[in-house]
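In what follows, a single structure is set out as structure tokens and then discussed.
The values are calculated or read from the model by the stated rules, or taken from the named source; none is laboratory data. On a predicted model such as this, the values are computed, not experimentally measured, just so you know. Cβ atoms come from the backbone with ideal geometry, glycine included; neighbour counts cover every protein chain shown. SASA here: full protein model, heavy atoms, side chains in, ligands and nucleic acids out. Shrake-Rupley method; radii C 1.70, N 1.55, O 1.52, S 1.80 Å.
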Amino acid sequence: MEQENKSHRAVRTKNAKKSLHNNGHNAKAFAVAAPRKLERQARRTHDVNEKRFHVPMVDRTPEEPPPVIVGVVGPPGTGKTTLIKSLVRRYTKHTLSDIRGPVTVVSGKRRRLTFMECNNDLNSMMDIAKIADLVLLMIDGNFGFEMETMEFLNILAPHGFPRILGIATHLDLFKSPATLRASKKRLKHRLWTEVYKGAKLFYLSGIMNGRYPDREILNLARFISVMKFRPLKWRNEHSYLLADRVVDVTHPTEIEQNPKTDRKITLYGYVHGTALPSANARVHIPGIGDLTVSEVERLPDPCPTPFQEKKEVEEGKIKRRKRLDDRLKVIYAPMSDVGGVLIDKDAVYIDVGHRSFVEGEERGVGERLVVGLQNAQKMLGEGSAGIQLFQGADVLNEVKEEDDLEDELEKNNTGRKERRRGNVIVGDSYEDTDAKFNDNEDDDDEDDDDEDDEKAYNSANKKHLADDDEEGQDEEFEFADSDSDMGFDDEFDGFEDENGGDLRWKDNLADRALKDYKIGRRKWDIGKLLYLDNITPEDVIKRWRDEEISNGSEEEESGSENEEDDDDGNFFKKLDNTSILSAGTEVIDRSLPAYDQEELKSKWSEEGSGLSLIRGRFLTGHADDDEEDDAYHSSDFDSDEDGEDLGDFEDLETGEKHESVKKEASEGEEGGDESKSSKRDYAKERELNAKKKEKLRLRFEEEELQEDDGLGDDDQDKKLYDTWHDAQKAKIAKQQEINKAEFDELDQATRDRIEGFRSGCYVRVVIDHIPYEFIETFDPKFPVVIGSLLASEDRFGFVQVRIKRHRWHRKILKTNDPLIFSIGWRRFQSIPIYTTTDSRTRNRMLKYTPEHLHCLATFYGPLVAPNTGFCAVTSVANKSATGAFRIAATGTVQEVDQSVEIVKKLKLVGTPYKIFKNTAFIQGMFTSALEVAKFEGATIKTVSGIRGQIKRALAKPEGHYRATFEDKILMSDIVILRAWYPIKPRKLYNPVTSLLIKDKTEWQGMRLTGQVRYENEIAVPNQKDSQYKTVEREARRFNPLRVPKAIRTDLPFKSQIAMMKPQKKETYLAKRAVVLGGDEKKKRDLLQKVMTLRNEKDRKRQEKKQERKAVFEKKLADNEQKRREREKKDKKEYFSKYGKKRGADGPGGRGGKRRRGGGDDFDN
């Protein structure tokens, strides 16, 4: 049987493959199979790589970064509070019942999170958008995206888009899995449209025990812990902090005298962004205004990370913990009820629980405070009041006389009856004893606290001492602080030990004391010595060089003798303010001394010694005196940059020999007194200095030429980086390393004073002159942000911005209508003028913003850097919300200036009253000859398009002028002058002070005239000139064009004007006219009468039909109205029974929603 299917292909031989290489190189093996596809792939790869690049920015994140600010944003009823409670429970094992203000938790070894809930008002949204590093966007999965969510996303866009995580809740309300999947997909794609494609969306389903499921919260917490944040431009240039605690430190007497006095408050928080200046920093608190910081103080970190604790353990500041117990997981929320303590604006509330506290079983700060109060023996005010000067001394209730004091001292000086006993350790050392107690502990117990260890050690020590006293055993080691502690007094200097040996600690006391003094002696800081106002410049140099001061030794000796001879019993002596301290005295604190003006004047005058000492330290100080000039040239300034002398050298090209400057100086000194007394040749000196400057300039130019950016443009061997982006990042990193190395050499106090308080520091900021309304109406649920201001941002002027009305805003924006701008840290109300540019020649005013186009706007306000984004709203009050989109416009700052030029188009209209060929007299445009003289030479134009020019004003009548045109005009023409009138914006700056009112969501600024009239029921004034009138225009009849016969004859044939002559002959129809006869005329008349009767009957029949139709339509309309009312009633009953998303009386225009499993699980 034959094979029906297709046979196999024959096996290819190796010879066929080798045939391609018969003629040498195989071009097909190295050719591109699809060149177009390869090109597209290469282009796409290049585009992807380019999209990764950002403008290189300085990363100011310190070694210990500040907490990441996480803003939880969403409409009311979406579960913001429940999410924060769940995350706090996940990180710290604490349960918060009431969240008020920021909550800071430790989420990792080197990361902390600060959760802040955003209220449903525009002020809070704007503040959170400016400071949040991560935004948790809450979305009701059962309802979808709401207006508040879209408004917040459009607020984020101009202020710098941070990282966003979408979180969909209420997914347990879906009954069908298919509907749930479709809803998830729809929400995800809608979020991608608003944020970016691929944005992460988490799903939270249901509530268990008042929290979201642990597995879903764990996934969200893990994702947050690994997120990276890129610095934003505005935050990378300014320092700011979110206040987590506010305290009023105003003196109570001032408040009692005037309850409305300005307050002095302290704000606590972590510094973010750049370094906060240490003194007199200008800041802005949104909701209050511009303020000046009076004091900034660094505080210990209340919420340290494990990395920071490990670092402190290595430095020996705290004791090492074996593990981080759940009880010790740090949470810091001073305005919430953490640890049983709640800090309010005027009190501290402590939760006492349901049973009495037991000492030693306290679980928080509040319980410790209560136990401490319970253990108090005396009430406040009980007991004897007195003064205790020293610790352990008697309390002085009254001042006794000197005689009484001497009698009392003699009476009490009875001597010691027995030896003192020192603290004794038997058998083991400190370390062995500590280890013994630690061995008895279980490793699974909680970590040792420093306080518990100290109590255990003290109790054990007392037990050993008691046993030793009972048994009478000798001690192996004795520890004491003085002779008295060991049982020795001044009377028993020769007393020996019971064992018969001398005490070894008495050997070489003077030598060891001198050695300890030298080791512990503080080195003088030249930066601090320069500003001491009670020592001379000579002493400053000697102290800095650690030299002895000759005139101070005698004073010290005499001073010591006086102290020994002084037995008055006075503890304190008043020092002379004008006296100069000795060299060995270390100044710790001092008050302002009283100076002698004449002595200071003589000291720092031209003849005084103080000015001569520092004259050589200035560049121009050697030009006045020869002696200082010699000293100046003999100093290190004659050497090169490395501090070495150039020496003798020979120019190889010219053969000229040069000697060193030091050699010349030495030869000049050997010249004798005549060379010093003679005047220096200033011309020669200037020439020498000019040569040095030229040589230095050439050296700098050579160094600049040798510098390379690392791209290897000239030499590929020098190429260090592939792209300019990498080179810039390396340059920034190098500069950061240089700065870090310089600042690390300074101590903490000096660095804070020079650099400021860096990012990550927990500081206490003191601000004066705060309006009392801020403290009286303080609500921790609204964020308090302190943002620093640059030097240029403290000035005011006209800001020109590029603005576009938001496409979702219903109304167009009108010039001179007030707008509330959110730009930088500030929120303020101003009056903008919208303009456009005419070919970049003038800035022309617009009455309204254009549709779907950008325009320019100019308003008065604080000056900010160009390219700063902003958004604008018409009102921030919730009561004025109508359910429409509230973000009116967005844009960026173009330029700032103290003045601005804006013009408005002005049309002046006139009519001719005399016409002389191309000249005409115009009236009705001006009122005086002065106005005409102002516009001489201006261009005018008629409505028909004939252009002209204003010449001169006429003597009479007043305001008339003569004008020339390019053609003869008509008496019916209207002459128009197009002029430009300058406009100046109104200087209005009204900051939004929402934190100074009780209802912080209802701040009301300047209102429109129409709103004022509507609220006060004022009628609109009816002006007669403003009324609209019907315009009646007569139809103009123009004469036909008549071309003279002489011109027509000269025209070519193609341009001949076709003109028809009137017809004289009778037409054919006129000739053949039909005349009806008698019978025909009667027939037509009868037929016409019959048709008239028929038409009349049809008309009456139609009228009857229309009447019946009108009755039927009225009946249908009544039925439709009844049906609508019935449906409205049924819908109202349905929603009142089953509920809705939010009622009409709820916040934001909508009310609460029915929840499955209880409606208390979600808070707004």
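Brief remarks follow.
- Within the shell defined by Cβ-Cβ distances under 13 Å, the residues around Lys1129 carry a net charge of +4, with Lys and Arg each +1 and Asp and Glu each -1.
- The figure for Glu685 is an accessible area of roughly 20 square angstrom, using a 1.4 Å probe on the protein chains alone.
- Between the amide H of Leu813 and those of Thr849, distances stay under 5 Å, these residues lying 5 or more places away or on another chain, with hydrogens modeled in the peptide plane.
- Under 5 Å from the amide H of Arg827 lie the amide H atoms of Gly287, Val992, each residue being 5 or more positions distant or on a separate chain, with H modelled from the backbone and absent for Pro and chain starts.
- Sorting Trp192, Trp808 on solvent-accessible area from highest to lowest, probe radius 1.4 Å, gives Trp808, Trp192.
- Positive contributions from Lys and Arg (+1) and negative ones from Asp and Glu (-1), summed over other residues with Cβ under 12 Å from the Cβ of Ala221, come out at +3.
- Ranked order, Arg43, Arg211 - accessible area, probe 1.4 Å, largest first: Arg43, Arg211
- Close amide H contacts of Ile69 (hydrogens built in the peptide plane, cut-off under 5 Å, sequence separation of 5 or more or a different chain): Thr114, Asp133, Leu134.
- If you count Lys pairs in region 935-1001 whose Cα atoms are under 30 Å apart, skipping same-chain pairs closer than 8 places in sequence, the total is 8.
- Ranked by the mean number of other Cβ atoms within 10 Å of their residues, highest first, the peptides 1124-1131, 1025-1032 fall in the order 1124-1131, 1025-1032.
- Per residue, region 1059-1113 exposes 113 Å² of solvent-accessible protein surface, assessed with a 1.4 angstrom probe and all protein chains in place.
- 3J(HN,Hα) along region 1058-1071, derived from phi through the Karplus expression 6.51 cos²θ - 1.76 cosθ + 1.60 where θ = phi - 60°, amounts to 7, 10, 8, 7, x, 7, 9, 6, 6, 7, 5, 5, 5, 6 Hz, with x in place of Gly and Pro.
- Accessible area in square angstrom per residue, region 792-899, 1.4 angstrom probe: 43 Å²
- With all protein chains in place and a 1.4 Å probe, the accessible surface of region 779-864 carries 48 percent carbon and sulfur.
- Region 748-840: trypsin sites (Lys or Arg not before Pro) in DSSP coil with no more than 12 other Cβ atoms inside 10 Å: Arg795, Arg807, Arg810, Lys811, Arg840
- Karplus-derived 3J(HN,Hα) values for region 107-116, using 6.51 cos²θ - 1.76 cosθ + 1.60 with θ = phi - 60°, are 10, x, 5, 10, 9, 10, 10, 10, 8, 9 Hz; glycine and proline are entered as x.
- Pairs of lysine residues in region 137-252 that meet both criteria, 8 or more places apart or on different chains and Cα atoms under 30 Å apart, total 19.
- Trypsin sites (Lys or Arg not before Pro) restricted to DSSP loop in region 257-286 with at most 11 other C-beta within 10 Å: Lys260
- Sequentially through region 946-959, phi angles give Karplus couplings (6.51, -1.76, 1.60; θ = phi - 60°) of 7, 8, x, 8, 7, 9, 9, 7, 7, 5, 9, x, 5, x Hz, Gly and Pro residues having no value and appearing as x.
- Among the trypsin sites (Lys or Arg not before Pro) in region 933-1025, those located in a DSSP loop and surrounded by at most 14 other Cβ atoms within 10 Å of their own Cβ are Lys968, Arg986, Lys987, Lys998, Arg1007, Lys1024.
- Rounded to the nearest 10 Å², the accessible area of Cys761 at probe 1.4 Å: 10 Å²
- Solvent-accessible surface of region 234-295, averaged per residue with a 1.4 angstrom probe and all protein chains in place: 39 square angstrom.
- Counted by Cβ distance under 12 Å from Ile139, the other residues give a net charge of +1, where Lys and Arg count +1 and Asp and Glu count -1.
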